[in-house]
Structures are given as C-alpha cells and as structure tokens.
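So the structure is just underneath, and the comments pick up after that.
The values are calculated or read from the model by the stated rules, or taken from the named source; none is laboratory data. What you see is a predicted model, and the numbers here were worked out from it, not measured in a lab. No Cβ is skipped: glycine too gets one built from the backbone with ideal geometry, and neighbour counts run over all protein chains shown.
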Amino acid sequence: MIINSLVEVAKGVVKKPSTVEFPENKETLDDTYRGMHKLDMNTCINCQACARICPNQTIKMVEADIPTAFHKDTNPKLFPEIDLERCLFCALCEEVCPTDCLILTKITEYEVYDRRDLIKRPEDLE
Ligand code: SF4
Ligand code: SF4
C-alpha cells in the first residue's frame, strides 16, 4: 500500500505539468482555430448582414467616423462592434459578409482586466 502511494508520488514528480506557463510558453494552435475578428472598414458596405446572422447578438452596428471615398454617401456610417465575451467564434459573420471585410483571425491573446474592454469598436478591429 505504502509502496503504491510512493510510486504514484514519484510519477507525479517526474511527469510534465499538464498546463503550460503562459505567457512564456504558449500552446500551438490548430489550423482551424478561430480568434479575434479583423475588419476592413474601407470595404465594409454597412449591410448589417453580420449583425443579423449572429446567433448570440454579439454584433451591434455602431457609428464610426471613418471618411473614405467608398463611404462618402453613406450616412450614418454603421460598422460592426463586437463583444468578444459573447462571441461563439462560429464564423457565421465571416461567411455571410458579402465583401469579405470581416474575418476571424488566429489572434487569441486579448485578455483584459475589465470585461468592458472585450467590446471591440470597429476601429479596434482594423
Ligand atoms: S463568430 Fe459567430 S458569435 Fe461571433 S460575432 Fe461572428 S456570428 Fe457572432
Ligand atoms: S462587416 Fe460585412 S456583413 Fe458586416 S456590415 Fe460590413 S459588409 Fe456587411
């Protein structure tokens, strides 16, 4: 009995830790991993398709003052604002976007101290 316990203790001492020491060590992400969104405001046509298809009401269309030639006749200019705390990373918004201006990247490091900072304005996503 005691020997078995000692063997288990010895195994625990020599085995690798099951977690990594972040941020010094980072796990390798799978190719299919989805992270934070990226938005190209120059090619967004403000169609709101991304906000409508989102299954978790993660996207809110908000005004952003980005004067570009493409948007000169659009008033107001509404672009997606994304609440990463609510996001399921399902990529439906990316799939539905008609101009491919909204994509999910491999960026996964967006930890914050204040959860309100997880709400990303259009400018934050560029
Ligand atoms: S990835 Fe899915 S949950 Fe996240 S914003 Fe896009 S549609 Fe919504
Ligand atoms: S990001 Fe794409 S789907 Fe969303 S409003 Fe802009 S063009 Fe439309």
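If I ask for residues that are charged (D, E, K, R) and either surrounded by 13 or more Cβ atoms within 10 Å (Cβ to Cβ) or part of a loop (DSSP other than H, G, I, E, B) (or both), which ones from region 1-31 would you list?
Within region 1-31, Lys15, Lys16, Glu21, Glu24, Lys26, Glu27, Asp30, Asp31 meet the criteria.
Are there any pairs with C-beta distances below 6 angstrom linking a residue in region 92-104 that is farther than 12 Å from His37 by Cβ to a residue that is β-branched (Val, Ile, Thr) and more than 8 Å from ligand 1 (Cβ to nearest atom), with the two at least 6 apart or on different chains, and if so which?
These pairs meet every condition: Thr99/Thr43; Thr99/Ile45.
Identify the residue in region 32-66 that is of a type in the set (Asp, Glu) and either more than 12 Å from ligand 2 (Cβ to nearest atom) or without any contact (Cβ under 8 Å) to a residue 24 or more places away in the chain (or both) and, among all such residues, is surrounded by the fewest Cβ atoms within 10 Å (Cβ to Cβ). Please lay out each step first, then the result.
Taking region 32-66 first, the residues of a type in the set (Asp, Glu) are 40, 63, 65.
From what's left, either more than 12 Å from ligand 2 (Cβ to nearest atom) or without any contact (Cβ under 8 Å) to a residue 24 or more places away in the chain (or both): 63, 65.
Values: Glu63: 12, Asp65: 7.
So, considering only residues that are of a type in the set (Asp, Glu) and either more than 12 Å from ligand 2 (Cβ to nearest atom) or without any contact (Cβ under 8 Å) to a residue 24 or more places away in the chain (or both), the one surrounded by the fewest Cβ atoms within 10 Å (Cβ to Cβ) is Asp65.
Which one is nearest to the chain's Cα centre (by Cα) among residues in region 1-48 that are hydrophobic (A, V, I, L, M, F, W, C) and closer than 15 Å to Ile103 by Cα?
Residues of region 1-48 that are hydrophobic (A, V, I, L, M, F, W, C), as a first pass: 1-3, 6-7, 9-10, 13-14, 20, 22, 29, 36, 39, 41, 44-45, 47.
In the following step, the residues that additionally are closer than 15 Å to Ile103 by Cα were identified as 36, 39, 41, 44-45.
Working: Met36: 2, Leu39: 11, Met41: 17, Cys44: 18, Ile45: 21 Å.
The selected residue is Met36.
Among the residues of region 82-98, write down those that are farther than 11 Å from Cys50 by Cβ and either in contact with a Gly (Cβ under 9 Å, 6 or more places away or on another chain) or not hydrophobic (A, V, I, L, M, F, W, C) (or both).
Asp83, Glu85, Arg86, Phe89
Quick one: would you say Leu29 is among the aliphatic types (A, V, I, L, M), farther than 16 Å from Lys120 by Cα and either modelled with pLDDT under 95 or near ligand 2 (Cβ under 10 Å from one of its atoms) (or both)?
Here the answer is yes, as Leu29 does meet what is asked.
Residues of region 87-119 being within 16 Å of ligand 2 (Cβ to nearest atom), within 20 Å of Gln57 (Cβ to Cβ) and of a type in the set (D, E, K, R), which ones?
Listed by number, the residues that qualify are Glu94, Glu95.
From Thr58, Thr105, which residue is among the hydroxyl-bearing types (Ser, Thr, Tyr) and near ligand 1 (Cβ under 10 Å from one of its atoms)?
Only one candidate qualifies: Thr58.
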